[in-house]
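Derivation of every value follows stated rules applied to the coordinates shown; laboratory data play no part. Since we're looking at a predicted model, the values are computed, not measured. Note that we place each Cβ from the backbone using ideal geometry, even for glycine, and neighbour counts take in every protein chain shown.
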Amino acid sequence: MSELESWHEEKQSAWLYEVLAEREPDAAISALFRQLAAAAEDQAKIWEQRLGRSPAFQPTRRARIVAGLVRVLRPRTLRPVLAAMKVRGLSAYTGGTPASHVMPTTVEQVGGRHRGVGGGNLRAAVFGVNDGLVSNTSLIMGIAGASSQNSLILTTGVAGLLAGALSMAAGEYVSMRSQREMYESQIALEKAELEEYPEEEIEELALIYNTRGMELEAARGFARELMRNPRHALNTLAREELGLNPDDLGSPWGAAVFSFLAFTAGAVVPLLPFLFRPGAAAVPAAAALAGTSLFVVGAMLSLFTGRRAWWGGARMVLIGGGAGIVTYLIGYLLGVSLG
C-alpha cells in the first residue's frame with residue numbers, strides 16, 4: 001500500500017468513526033468511536049508529513065454506502081458490514097474489552113454495554129433474497145426449457161416460491177425456537193445456582209473480571225455490588241458467564257416472517273416477465289432481470305466480504321446464471337425426449 005493509500009485509509013476510518021459515534025446511542029461506545037476517530041486522524045497526520053502535503057479527502061463509494069446504512073439502521077445492526085470495513089471496537093457490543101476500552105467501574109456500565117446485537121438481520125436478508133432468486137430462477141428456467149405453456153410456468157414458479165419461502169420460514173422458526181428454549185434453560189439454571197450458591201457465583205464473576213485485568217480484590221467487591229440487585233445479578237451472570245442477553249434471545253416468529261419475506265422478494269423476480277409475456281417470449285426478459293438482480297445482490301454481499309463490488313456481482317451472475325442455463329438445458333432435453 002502506498003503512502004497516499006495509507007493516508008486515505010486513516011482519513012476514511014476517522015470519518016467513518018465519527019459517523020458511528022454520532023449514531024451510536026450508547027454513550028460509552030460512542031466515546032470509544034470518537035477516541036478511535038482521533039487516533040486515526042493522528043495516524044493520517046503522520047502520513048501527511050511523509051507526503052509533504054495535505055491531499056483532498058473523499059470517502060469511497062463503499063464507505064458512503066456503509067455510512068448511509070449506519071445512519072438508517074445504527075451501528076449495532078451492521079456489525080458484519082463494519083467488520084468487513086476493518087472497524088475496530090466492535091467487541092464492545094458483545095462484552096469483550098478491546099485494548100482501548102477500560103473495564104467498567106460502576107454497576108450501570110455493566111448492563112449498558114450488552115444490549116442485543118441483531119447484527120445478522122441485514123446479512124440474512126441479503127442471503128434470503130439470493131436463495132429465492134437463484135432457486136426459483138433455476139426452477140422456472142427448467143420448466144421454460146421443457147414447455148412453453150405460460151400457465152404451467154407461472155404455476156410452477158408460484159409453487160416454487162411458496163414451497164421455498166414456507167420451508168425457509170419453518171426452518172428458521174424451529175431453529176430459533178430450539179435456540180431460545182436452550183438459552184432459557186441455561187438462564188433458569190443460572191438463576192437456580194444464584195439462589196442456591198450466591199457466594200460461589202460472586203467468586204466466579206470476580207474471576208471473570210480478574211482475567212480481564214481488574215485486580216482480584218477490587219473485582220470481588222465489584223461483583224458483590226452487582227449482586228445486590230437479584231434481577232441485575234441474573235442478567236449480569238447470563239451475559240458474563242453464558243454470553244447471553246436475556247433481553248434479546250430472538251423471536252421465532254420474527255425470524256420466520258423475516259425469512260419468508262426475504263426469500264419471496266428474490267423468488268418473485270424471475271416470475272414477473274411471465275405475467276406480461278407468454279411462455280418462451282418471456283424467457284430472455286426473465287434471464288436479464290434475474291441476471292441484473294444477481295449482480296445487485298452480489299454487489300451487496302461485498303459489503304460483508306470487503307471484496308470489490310463489481311467482482312462480487314459478476315461472480316454471483318456466473319454462479320446463478322450457470323445454474324439457470326444448466327436447468328434450462330436439462331428441461332429442454334427432457335421436453336424433447338418426453339414430447
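Annotations for the structure displayed:
- Under 27 Å from Lys11, Cα to Cα: lysines that are on another chain or at least 8 residues apart: Lys45, Lys86
- Point-charge dipole on Cβ atoms (K/R +1, D/E -1) for the stretch 1-50, about Cα centre, debye to 20: 60
- Net length gained if the chain between Phe57 and Ala28 were fully extended (0.36 nm per residue, minus Cα distance): 7.6 nm
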